[in-house]
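Below is one structure, written out as structure tokens; comments come after it.
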Amino acid sequence: MEAVGEIEAEVEEKHPYLVVEGWQESPEARSYMSVLLTRNKRRSFGLLERPLQERFGEYPVLSKRLFLVGKSGVGKTSTADKLCGREISSVHVETLGIQTSLLYWPAKLLQSGKVFWLELELWDSGEREMKMFDHILPACQEATDGTIFFFSYVDRYSWDDLPHVISRTSGLDSSSLKAVVGTHADSLKREISSAEVEQFQKSTRLNVLPTGNVGCARPTQRSGRAEIAEISPFMNTLAQTLLAHELQHNSCSAVAQLITTKPSSYD
């Protein structure tokens, strides 16, 4: 019987894009995470800001523009707000036009022990807006690097309609990133079973990333570090999804080279 350490080493070798879970809360990560905080609150970034260049210029940055697609009300905007540290509205308001957000996230590779940054530009548009203005969908498809499809675990229709939503974006480049986010995964009123999600992943080969949206409106007394700890599992899974895609489709990039570099030591 193989030792646990040998099995883990084999997993790392086959999946070099795996990141260290919980690293963001470690003392080593403190200087990196300070970029995301201001006075112990989450810091929001404008599209023209580039906070990494001055402090972390030597670290590889994986930059991607991601288009958020899904039925109205499933939680695209609230998820983007949560990830970016913005206040979340308790009332649903249809997104007008195209809303863009800038998201930074540092992660550490399990195999090489190296640190890299995600720089994600999130593009969000309301379902009604895309139906009214037929230029929005092709414009977003052309300008972004991948698509994140959304459904809600408490909305059966959003799940049943998911294959049709994916099909309607079939004009996307076959090499572009595609992933799925399931919101309200922490709800007690879930209508979608784990077996259904597992079968969907097997048949489509698309990763489903669950995220919680219950009671996610941010209390003013809550610390930024607590918010970071809450989104850390989702962001690390997203990082692994992006890294795996980068390794498969853009193996010459700086981040892909970082992934495949063998570690000389683990300090």
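When only the heavy atoms of the protein chains count and the probe is 1.4 Å, how do ARG42, ARG225, ARG86 rank by accessible area, highest first? Show your work: numbers first, answer last.
Working: ARG42 25, ARG225 105, ARG86 65 Å².
Of ARG42, ARG225, ARG86, the descending order of accessible area is ARG225, ARG86, ARG42.
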For LEU66, distant residues with modelled amide H under 5 Å away: GLU121, LEU122, TRP123, ASP145
Length gained when the stretch SER194-SER175 is fully extended (0.36 nm per residue, less Cα-Cα span): 4.1 nm
Karplus 3J(HN,Hα) series, Hz, for segment 27-44 with 6.51 cos²θ - 1.76 cosθ + 1.60 (x for Gly, Pro): x, 4, 8, 4, 5, 5, 5, 4, 5, 8, 10, 9, 6, 6, 10, 5, 9, 9
Extension gain, THR100 back to HIS249 (0.36 nm per residue minus Cα-Cα distance, nm): 51.1 nm
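The values are calculated or read from the model by the stated rules, or taken from the named source; none is laboratory data. Not measured: the values here are computed from a predicted model. These accessible areas exclude ligands, DNA and RNA; they are computed on the full protein's heavy atoms, side chains included. Shrake-Rupley method; radii C 1.70, N 1.55, O 1.52, S 1.80 Å.
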